[in-house]
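Undergrad: My questions will all concern the structure given below.
The values are calculated or read from the model by the stated rules, or taken from the named source; none is laboratory data. Just so it is clear, the model here is predicted, and its values are computed rather than measured. Note that we place each Cβ from the backbone using ideal geometry, even for glycine, and neighbour counts take in every protein chain shown. For accessibility, only protein heavy atoms count, side chains too; no ligands or nucleic acids. Shrake-Rupley method; radii C 1.70, N 1.55, O 1.52, S 1.80 Å.
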Number of protein chains: 2
Amino acid sequence: MELPSTILSQAVDALATLPGVGRRSALRYALHLMKEPEGEVLHLAESLSRLKTDLRTCRLCHCVSDSDLCPICSSPKRQQNVICVVENVQDVMAIENTQQYRGLYHVLGGVISPIDGVGIRDLNIDSLLDRVRGTNPVPVDEVILALPTTMEGDTTNFYLNKQLQPLGVKVSTLARGIAVGDSLEYADEITLGRSIVGRIPFAG
Amino acid sequence: MELPSTILSQAVDALATLPGVGRRSALRYALHLMKEPEGEVLHLAESLSRLKTDLRTCRLCHCVSDSDLCPICSSPKRQQNVICVVENVQDVMAIENTQQYRGLYHVLGGVISPIDGVGIRDLNIDSLLDRVRGTNPVPVDEVILALPTTMEGDTTNFYLNKQLQPLGVKVSTLARGIAVGDSLEYADEITLGRSIVGRIPFAG
């Protein structure tokens with residue numbers, strides 16, 4: 001598709017680098033922006049630039065943050081002796097949305113995956129161990145491993161557990177079981193099996 | 001979904017104003033950009049700003065252009081006595097992609113649609129009539145109406161034809177018929193009917 005303008009063409013090429021956006025959608029976005037008020041388009045452009053120039057990661061948990069320490073790590077209302085280890089920033093948000101967790105987080109930035117060339121050195125593992133050893137604001141009593149239930153997630157869980165156990169910290173992981181609202185009939189065998197093995201006292 | 005950073009939050013809000021982009025996709029785009037090299041993100045931001053600051057519309061055909069006159073209107077290779085009237089810039093590109101048309105264009109910027117509040121004054125109709133009356137580089141021999149086959153498109157066709165006829169210019173419209181590769185069995189009645197009425201000499 002040849003565009004009648006190099007300015008438009010450049011914008012389309014740049015938008016098409018976004019994940020899941022093809023040239024047709026990129027053109028649709030660009031033509032939409034062309035018709036928007038100048039202020040809004042400049043605001044969009046500036047907020048995208050700021051993602052690189054102003055956005056930082058928290059020095060403690062590696063979550064995105066406006067400042068050196070993220071709002072969660074710096075909140076006096078959080079339980080600072082519990083750390084929940086997650087793969088990425090989206091997972092922090094997913095857990096925050098449940099409003100069931102009041103501890104801190106640690107964003108690994110991925111999981112161990114030799115096939116994708118992601119090794120131990122590429123992840124925020126050393127800083128997690130340092131936090132348990134003493135850099136956390138208060139001594140850490142429990143580390144919750146909340147990584148995905150994939151082979152890579154399990155490998156990472158296994159490695160982290162091996163590193164954490166000698167430090168004398170309690171290591172736990174998310175409960176696996178039947179999703180709320182699901183019927184047993186349609187649950188897969190592994191999940192159903194785990195939900196029986198990991199059964200809990202009935203809280204009537 | 002509460003984000004741990006106002007910078008991220010602003011970028012997500014701004015991206016979510018794009019057509020068909022929800023907050024979840026916007027977050028995905030923002031987190032992707034966070035990981036991209038700074039140069040690429042600033043390039044994206046700048047090319048979006050330029051859509052408003054530098055992009056212009058051709059003074060003759062109203063298509064997007066880098067300069068006062070678009071590459072099509074200023075090309076000596078184009079047949080300047082034929083004008084194809086289209087609804088928007090995307091339609092110019094669609095016709096250009098066929099490589100079957102060598103004339104000029106005129107972008108109306110919409111079609112007459114009282115229900116959407118689009119009237120004759122909101123469209124580039126006066127400048128089309130002016131071109132036929134004499135502002136076109138060469139006298140116009142034919143105007144091809146290539147508007148969508150909707151009630152609004154038909155209304156606009158009808159209005160344009162009524163305005164153009166007295167100016168002594170030939171007015172034509174796109175052939176309607178069975179799409180190439182389609183079987184008659186599955187064609188809708190109106191299209192099939194029009195393809196019979198508008199039958200053409202067999203070019204064996």
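Undergrad: Starting from the amide H of A:Cys84, placed 1.01 Å from N in the peptide plane, find each other amide H under 5 Å away whose residue is 5 or more places distant or on another chain.
TA: When sequence neighbours closer than 5 places are left aside, the close amide H contacts are A:Leu104, A:Tyr105, A:His106, A:Ile144.
Undergrad: By the scheme Lys and Arg +1, Asp and Glu -1, what is the net charge of all other residues having a beta-carbon under 11 Å from that of B:Asn97? Don't jump to the answer; show the numbers that get you there.
TA: On the way: positive: none; negative: A:Glu2, B:Asp91, B:Glu96.
Taking every Cβ under 11 Å from that of B:Asn97, the sum is -3.
Undergrad: Considering only protein heavy atoms and a 1.4 Å probe, what is the carbon-and-sulfur percentage of the accessible area of chain A? Before the final figure, lay out each step's value.
TA: Values: 6000 of 11370 Å².
Its accessible area is 53 percent carbon and sulfur atoms.
Undergrad: Report the one residue of A:Ser183, A:Val169, A:Pro148 whose Cα lies farthest in the direction of the positive end of the charge dipole of the stretch A:129-204 (charges on C-beta: Lys and Arg +1, Asp and Glu -1; origin at the Cα centre).
TA: The listed residue farthest towards the positive side: A:Val169.
Undergrad: Once the other residues with Cβ under 13 Å from the Cβ of A:Asp68 are scored (Lys, Arg +1; Asp, Glu -1), what is the net sum?
TA: 0
Undergrad: Let me ask something additional. Looking at chain B as a GNM with Cα springs under 10 Å, which of B:Asp13, B:Asp54, B:Asp154 has the largest mean-square fluctuation?
TA: B:Asp13
Undergrad: For chain A, set up a Gaussian network in which alpha carbons nearer than 10 Å are linked by springs, and say which option among A:Thr17, A:Thr53, A:Thr150 fluctuates the most.
TA: Highest fluctuation among the options: A:Thr17.
Undergrad: Roughly speaking, what is the centre-to-centre gap between the stretch A:51-114 and the stretch B:1-60 when only Cα atoms are used, to the nearest Å?
TA: 23
Undergrad: Between copies, how close do the A:Lys35 label points come, placed 7 Å along Cα→Cβ, listed in nm from shortest?
TA: 3.4
Undergrad: Once you keep just the Cα pairs under 8 angstrom separated by 6 or more residues, what percentage relative contact order results for the stretch B:74-204?
TA: 22 percent.
Undergrad: Net charge within 15 Å of A:Pro114 by Cβ-Cβ distance, Lys/Arg positive one each and Asp/Glu negative one each, not counting A:Pro114 itself?
TA: -3
Undergrad: Same structure, new question: One decimal, nm, shortest first: give the distances between the label point of A:Thr135 and those of the same position in the other copies, each label point 7 Å from Cα along Cα→Cβ.
TA: 6.7
Undergrad: Using a 1.4 Å probe on protein heavy atoms only, how many Å² of accessible area do A and B hide from each other, summed over both chains and rounded to 100?
TA: Roughly 4900 Å² of accessible surface disappears when A and B pair.
Undergrad: Quick one: which of A:Lys52/B:Lys52; A:Lys52/A:Lys162; B:Lys52/B:Lys170 span more than 31 angstrom between C-alpha atoms?
TA: Cα-Cα > 31 Å for A:Lys52/A:Lys162; B:Lys52/B:Lys170; rest within.
Undergrad: Would you mind telling me which residue in B:Leu104, B:Leu128, B:Leu48 has the biggest mean-square fluctuation in a Gaussian network model of chain B, where springs connect alpha carbons within a distance under 10 angstrom?
TA: Checking each option, the largest mean-square fluctuation is seen for B:Leu48.
Undergrad: Here is a follow-up. Probe of 1.4 angstrom, ligands and nucleic acids ignored: what's the accessible area per residue over the protein assembly as shown, in square angstrom?
TA: Normalised by residue count, the accessible surface of the protein assembly as shown is 56 Å².
Undergrad: Taking the label point 7 Å from Cα in the Cβ direction, how far apart in nm is A:Gly117 from each other copy of itself, listed shortest first?
TA: 5.3
Undergrad: Looking at the protein assembly as shown, send over the antiparallel percent of its DSSP beta bridges, to the nearest 5. Write out the running numbers ahead of the final one.
TA: On the way: 6 of 32 bridges.
Bridges in the protein assembly as shown are about 20 percent antiparallel.
Undergrad: May I ask which residue of chain A has the beta-carbon nearest to the axis carrying chain A onto chain B, and at what distance in whole Å?
TA: Result for the A and B rotation: A:Ala45, 2.
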